[in-house]
Amino acid sequence: MTVKIDSAALDLAAIIKPGDAIAWGQACGEPLTLIETLLAQRERLGGVSAFMGSSFSNVVKPEHADHIALTSWCAIGTLRTFTKAGKLGIVPCHVGQIGRLIADGTIACDVAFVQVSPADAEGNHSYGVINDYTQALVANARVVIAEVNAQVPFVPCDKLLPASHIDYLVETDRPLVSVPTARIGDGDRAIARIAADYIGDGAILQFGIGAVPDAIAQLITDRRDLGLHSGMVGDALVDLVEAGALTNATKRIDRGVSVTGALIGTERLFRFADANKAIRLCASTTTHNDAILNTLPKLVSINSAVEVDLTGQVNAEEVGGAYVGGIGGQVDYVRGGVRSAGGRSIIALPATAQGGTASRIVARLSGPVTTARVETDVIVTEFGAAELRGQPLAERARRLIAIAHPDFRERLEREAHMLLQRGY
C-alpha cells in the first residue's frame, strides 16, 4: 500500500536504516526534493551510501560526503568537483550493465528515489525523462520513494510504474533540472562538418549532448528518414523532427519511434516528449542491447573522448590524474556502429586542449583505455577524419598524425618513429 507523505513531513530516519544503500535517477530525472531531504537529514541516518548517475543540478556537494558515501559510474556534469575533491567512488562499467549490476546486488540499492509523472487514469506513472536503469532500482529496492512532480511529462515508456510499486509518495510541483544547448564554437562546427559527411539519408543515429552533437544536428536537417536509437538525447531531437529529417522510417524494429533512455535537455524537449507516441523511453537493457543494435541498418554512432593514441585507443575518462568523464555507452555503440550494415562509428574530439597547448592525439594515453583499438572506426578532429577500421598499426599512426593539430605533428612523428619503422 502506498503511503502519501507531505514533503515537509518526510522523515527519512523512519524509513532508511543505518548502512542502507540509496540510489536515484540521474541528470534531468533527479528527484530534487527527495535528495534535498536526504541531505538535510543525513546526520540522523547513522551512515548510508548513495549511488548517483550524471548530475547537472549542483544540489549534492562534496561536503555531503561527511555522512554519505557517494559513488557513481561517471564524473559528468557537476560530479567533476567530487572527483577532484576525492569524495566520489567511481564504478567503471558500461551504462548498459548498470541495471544488471543492480539486479544481482553488485550495486546495492536498499532504497530507491525516483521522480515520475502524475499517474494516468489507470494509476500508472511514466518514468518521465529518465528511464535507463531506473526500472532496475524500483524492481530491486526494499523501499521505493517516488517524487511525483506535476511538471514531469508523461513520456511513453517501455514499461510504466504502477502505483502499487511505490511505498511512499511525495507530491511536488517544481521545474526539472535543465541542460541547455551548449555554446557552439568554430572548432565544434569544423568537427561537425566532417562528421556530418558520414550521415546519409536513412541513417539511424546515436549521439549525446554537447556542442559537437548539437552542431552536427544543425547540419543534417536536410537529410531524410533519419532514425534515432540512443542512450540519451537533447533538444536536438526536436530540431531534427521539426525539420522533417527524423522519421525513423527505415528501422526494422520500433519503426516510426525514436528510442532513447534519457531526455537531457530543456523544457522545450520535455514538452515535446509529453504524450508523444513517436518517442519511447526505454531501459538501458534495450537502448544498449547488442542484439537490438545489430538489427539497425546504417547505425551511425557519435561519441567523444579525452584523447586518442596513435594506434586508435580511446580514453574517455581521465586527464591529468582527474576523473572527468565515464565509460557510459561508448563501447556498446562503437561496436554497434561497426557491426551495423552500412553503419559507422565516430569518435569526435578537438585536436587540442588547455588552450591549444596540449595535443589530444597522443603517442601514449595518460589515462585508461575506454575503447580498445580493435573497436575503433573513425576518429574526427577539426583537421579531418582518420578511418582506422582494417588498417595496420603504422598506417593508423600516419592517419592520426594527419588530423592532429599542425603544431604537434612533428613531435608525434618522432614519438611514433619505432611504430612507423617496425609496424607495431
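Overview of results
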read-out: Proximal lysines to LYS298, defined as alpha-carbon separation beneath 22 angstrom and excluding residues fewer than eight positions away on the same chain; value: LYS251
read-out: Calculated FRET efficiency for the pair ASP274/ARG414, C-beta based, R₀ 45 Å, to 0.05; value: 0.20
read-out: Pairwise label distance in nanometres, ASP201 with VAL91, each label 7 Å out on the Cα-Cβ vector; value: 4.6
read-out: Residue-span extension gain [ARG252 to GLU43] - 0.36 nm each, minus C-alpha spacing; value: 70.0 nm
read-out: Within a Gaussian network of the chain (alpha carbon springs, distance under 10 Å), most fluctuating of GLY77, GLY25, GLY355; value: GLY355
read-out: Solvent-free Debye scattering, log10 I(q)/I(0), computed from the Cα coordinates of the stretch 3-172 at q = 0.09 Å⁻¹; value: -0.27
read-out: Rel. contact order, % - alpha carbon contacts under 8 angstrom, at least six apart, the stretch 186-422; value: 18
read-out: Residue of ASN315, ASN248, ASN276 that the Gaussian network model of the chain assigns the largest fluctuation, springs spanning Cα pairs under 10 Å; value: ASN276
read-out: For SER55, distant residues with modelled amide H under 5 Å away; value: ALA27, ILE76, THR78, LEU79
read-out: Contact order relative to length of the stretch 202-245, as percent, for alpha carbon pairs under 8 angstrom and 6 or more apart; value: 51
read-out: Rounded if a/c under 1.5, otherwise prolate or oblate - the stretch 263-336, Cα gyration tensor axes; value: oblate
read-out: In Å, descending, principal axis extents of the Cα set of the stretch 184-320; value: 44, 33, 28
read-out: Rg over Rh [alpha-carbon atoms, Kirkwood Rh] for the stretch 186-422; value: 0.98
read-out: Hits among aspartates and glutamates - C-alpha to C-alpha of LYS159 under 16 Å, sequence gap 8 or more where chains match; value: ASP120, GLU122, ASP132, ASP254, ASP274
read-out: Full-stretch length increase - ARG193, ARG364 - with 0.36 nm per residue and alpha-carbon distance subtracted; value: 58.8 nm
read-out: C-alpha center-to-center spacing [the stretch 265-280, the stretch 114-151] in angstrom; value: 17
read-out: Percent antiparallel among DSSP beta bridges (both partners in the chain, rounded to 5); value: 25
read-out: Average Cα contact separation per residue, the chain, under 8 Å, 6 or more apart, as relative contact order %; value: 14
read-out: R0 of 60 Å, Cβ-Cβ distance ASP173-ALA402: FRET efficiency to nearest 0.05; value: 0.65
read-out: Cβ-based net charge around HIS94, under 13 Å, with every Lys or Arg adding one and every Asp or Glu removing one; value: -3
read-out: Extension gain, ALA291 back to ARG183 (0.36 nm per residue minus Cα-Cα distance, nm); value: 35.3 nm
read-out: Burial ordering of MET1, MET52, MET418, fewest other beta-carbon atoms within 10 Å first; value: MET1, MET418, MET52
read-out: 11 Å beta-carbon shell around LEU365, net charge (K/R +1, D/E -1); value: -1
read-out: Modelled FRET efficiency - R0 35 Å, ALA69 with ALA150, Cβ distances, 0.05 increments; value: 0.60
read-out: Lysines whose Cα lies under 21 Å from that of LYS17, excluding same-chain neighbours fewer than 8 positions away; value: LYS4
read-out: Cα-based helix-to-principal-axis angle, 330-339 vs the chain, degrees rounded to 10; value: 60
read-out: Taking VAL300, VAL241, VAL306, VAL374 and counting other C-beta atoms within 10 Å, the order from fewest to most; value: VAL374, VAL241, VAL306, VAL300
read-out: Exposure proxy ranking, count of Cβ atoms within 10 Å, fewest first, for LYS61, LYS87, LYS4; value: LYS4, LYS61, LYS87
read-out: Around ALA192: net Lys/Arg minus Asp/Glu count, Cβ-Cβ under 12 Å; value: -3
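Read-outs throughout are calculated quantities, based only on the coordinates presented, and are distinct from any laboratory measurement. For clarity, every value in this text was computed on a predicted model and none was experimentally measured. Using ideal geometry, Cβ is built from the backbone for each residue, glycine included, and neighbour counts are taken over all protein chains shown.
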